[in-house]
1. Return the residue satisfying two criteria in turn: it lies in region 85-100 and is farther than 17 Å from Ile9 by Cβ and of a type outside the set (Phe, Trp, Tyr), and of such residues it is surrounded by the most Cβ atoms within 10 Å (Cβ to Cβ).
2. Does any residue in region 2-16 that is closer than 14 Å to His30 by Cα and in contact (Cβ under 8 Å) with a residue 12 or more places away in the chain come within less than 6 Å, Cβ to Cβ, of a residue that is aromatic (Phe, Trp, Tyr) and outside any helix (DSSP H, G or I) six or more places away or on a different chain, and which pairs are these?
3. Would you mind stating whether Lys73 is touching a strand residue (DSSP E or B) at 6+ places or on another chain (Cβ under 8 Å) and surrounded by fewer than 16 Cβ atoms within 10 Å (Cβ to Cβ)?
4. Restricting to region 17-60, give me the number of residues that are small (Gly, Ala, Ser) and free of Cβ contacts under 8 Å to residues at least 12 places away in the same chain.
Amino acid sequence: MSDFYCENIFSGKIEITTVKETENILAFYHTKPSWTIHIVIVPKEHIKTFTDANTKILGEIMSVAQDIIKSLKLDKSNYKLIVNGGSFQDSEHLHFHLVSGKRGIDLGE
């Protein structure tokens, strides 16, 4: 397993559309979305898994997620905030998926 975010996103190898950015957190539209709205929220510091994260960074991630949910008015329709771990985690970098709308689509090119 590799670290997609450090290797591709933070290095600038893959172009992204930023949704929100703080000093410690980056939120951007997924490069290969599988939901109508599919946003990734990731700490800029390399943190391997959810259980490795401290409460300060988790709190900032939750704050960013709340801001996005409110700004996109997802609280008026639907949303899920997902974090994967163990064998479900496909990158060795903590990240959350904020998704809304219909699932099972592939809008990525």
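1. Among those residues, the one meeting the criterion is Val99.
2. Ile16/Phe28
3. Criteria not met by Lys73.
4. Residues meeting the conditions: 1.
None of the figures in this text is laboratory data; all of them are computed from the coordinates on show. A quick note: this is a predicted structure, and the numbers were derived from the prediction, not measured. Methodologically, a virtual Cβ is constructed for each residue, glycine included, from the backbone with ideal geometry; neighbour enumeration extends over all protein chains shown.
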